[in-house]
1. With every protein chain left in place, what is the accessible area per residue of the stretch A:23-80 in square angstrom, probe 1.4 Å?
2. Please compute, over every Cα-Cα pair in chain B, the percentage with a separation greater than 32 angstrom.
3. Quick one: putting +1 on the C-beta of Lys and Arg, -1 on the C-beta of Asp and Glu, what dipole do you get for the stretch B:330-423 around its Cα centre, in Debye to the nearest 20?
4. What accessible area per residue comes out for the stretch B:20-229, rounded to a whole number of Å², with a 1.4 Å probe?
5. Over all pairs of distinct alpha carbons, what does the Kirkwood formula give as the hydrodynamic radius of the protein assembly as shown, in Å?
6. What residue among B:HIS129, B:ASN160, B:GLY414 has its Cα farthest toward the positive end of the dipole of the protein assembly as shown, where the charges are +1 on Lys, Arg and -1 on Asp, Glu, each on the Cβ?
7. What's the magnitude of the charge dipole for the protein assembly as shown around its Cα centre, counting Lys and Arg as +1 and Asp and Glu as -1 at the beta-carbon? Answer in Debye, nearest 20.
8. Say R0 is 41 Å: what FRET efficiency, to the nearest 0.05, do A:ALA24 and B:ARG203 get from their beta-carbon distance?
Amino acid sequence: MAWEALDRRTAVIEKDAPAVLNEAVREKIRSFFPRYETKRAALLPALHVVQDALGHVDWQAMREIAEVLELKPAEVFDTISFYTHFWTHDKGKKVITLCRSLSCQLMGADAVKAAIEKQLGIGEHETAADGQYSFVTEECLAACDHAPCLLMNEKLHRRVKADDIAKMLADPNNDRLDLPRSDLFDAPKPPASTSESNPNPEP
Amino acid sequence: MPRFEPVLSKNFRTEGIRSLDVYRKNGGYRAAEKALKTMSPEQVIETVTAANLRGRGGAGFPAGMKWSFLPKDRKITNLCVNADESEPGTFNNRVLMENDPHQMLEGALIAGYATRTTTAYIYMRVEFHEQFHILQKALDEAYAAGYFGNNILGTGFSMNCYVHRGAGAYVCGEETGLIESLEGKRGWPRIKPPFPAVEGVFRRPTVVNNVETLACCVHIIERGADWFKSIGTPGSAGPKLYTISGPVKRPGWYEAPLGLSCRDLIFGDDFAQGMLDGKGVKGCIPGGLSVGVLTEKELDCKLDFDEVRKFGLLGLGTAGAIVIPADADIRQVLMNCARFYAHESCGQCTQCREGTGWMYKIAARIALGAGRIEDLDLLSELSQNMGMMPGLSICGLPDGAVYPIRTIVQKFRGEFEERIRAQEPGRAAEVLQRLNRSAYSLPIFGQSRLAGAV
């Protein structure tokens, strides 16, 4: 909400913090450069890469991303503060994202929310003491036919019932996604042409 | 009426359709080959224009016309595929991408050829994890088979295609918001003109199309503009993937010609087959949250691009229906709608940033049992003073925000008044104090004023 900042802790900025991005992560970020005309456009992919590697994007990571992308750290923070997906402080191993939009609410998302909060002993936008789970609510996950639904990291749980929450949270494989993954995600192909010339001229 | 033969969803139930081989066996990439090998880009644009394909992303702008706005002397063109589907109640893009990813890629290839695109970006919302893996896998296969990259199918046409993942912002579904986000900035919509066709991603001419629009292109090229126009109504041609959710017997996606009535969608035997547990229908939001609400009496409204406006709705939107059951508390529905826009307003234009916030605060107050009759007038007045239609905002988000609020308040006013009159006396004062202790304990907001409000 524009007028209400949720889930932001005041950050402690260490001036001479040790580097957090290793060369592999930096290389992965650089591999996105050929896709775009500007380096800044690789910022969202870079933030995804860093969040996947470190769990969250802290101030030092932002500074180092800025270094790789040749930006100012403030520009990285400007972008990151707009998007709800990125965490600037540490989160649990698994993030439960519950849909709170109309279809899910009509189908009983409120009861599911209460069950999760009771089971984990935490509220919205909090992380359980053992660091296993963080719980957030989000607007529509575009799975309204399976309402109420929630995301457990990458895995979408459909038609969740409040009574099944305890069982679901106890299952260690509740975030497993059995889908073939692309190898090219990390290594995009170089573009057809980097020059100004038009490869598809007017016939 | 003869049974409608599915077009977009014809392969959804085919085993293994996510793999390129199976897709090709079912006639896949034939349309792309036809376009690239036998047609000029202009001919493709002409065909799509002749078919009167209106964009499926919500606004209903003709796709062919959008393509023809590109400047003639451009060097580089970018195509953005809008897969940032975040409208509550809408999931047809998700269904298209997870059930038949190659259909969308083929559509992107055809649209890319028509606009002589050099790079296509598929902007996909980050919550689509499964769909991302499915689509990226399909894209890799299509690359390997030479449908993307250099010299596609030996025709000399080159185009790259990348999947770009968003990060959870509704406003990035707006075309210039999407462009800004793609450039690595905040997803703040740009002031138009210049329109994206002239200056879009990286200041290059850019076309932004919805996933479903591109999927339709495949079939227009394959079967011709006249065939496409024969489906649906005169103003709104073609098939549409309707989606329905809420407490109905069979929520999900249903393909039908444009012009399906809302009542058929809820009660039809081929569609959702009525309500769960014999519940009544209080109303239906027929096209994604932003279009507004239809009452039970108005359910015969035909869902196409024009007819819905007669019922005070914004437009067809995305044709993702949410059915509100008779036992739902309309105050909770209002609060849920208002919360969505208050959360997703990007904060750039004042009346949207503040207006959505105030609408949420007022709606929350009503939902907590502290409403006043004049709050309803206040909401109506607010809804007249936001958005592009009164000329106050950069993008259409506030227009989408006021339609549900305005129509819910107007069409269910009787129920609101009844609920407000039934509130416990004194409750309003108590709730308001709890919500904002510091403000309401000021002497000017004394108990007498609040007590009088109830």
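The values are calculated or read from the model by the stated rules, or taken from the named source; none is laboratory data. Computed from a predicted structure; not experimentally measured. Glycine gets a Cβ as well: all are built from the backbone with ideal geometry, and neighbour counts include every protein chain shown. SASA here: full protein model, heavy atoms, side chains in, ligands and nucleic acids out. Shrake-Rupley method; radii C 1.70, N 1.55, O 1.52, S 1.80 Å.
1. On the way: 2290 Å² over 58 residues.
Averaged over the residues of the stretch A:23-80, the accessible area is 40 Å².
2. On the way: 42345 of 102831 pairs.
Pairs farther apart than 32 Å: 41 percent.
3. Numbers: 11 positive and 10 negative charges, 46 e Å.
So the magnitude is around 220 debye.
4. Working: 5830 Å² over 210 residues.
Spelled out: the 1.4 Å probe surface of the stretch B:20-229, per residue, equals 28 Å².
5. Numbers: mean 1/r = 0.0388 Å⁻¹.
When all Cα pairs of the protein assembly as shown are included, the Kirkwood radius is 25.7 Å.
6. The listed residue farthest towards the positive side: B:GLY414.
7. Details: 78 positive and 83 negative charges, 104 e Å.
That gives a dipole near 500 debye.
8. Details: r = 33 Å, r/R0 = 0.81.
After rounding to 0.05, the efficiency reads 0.80.
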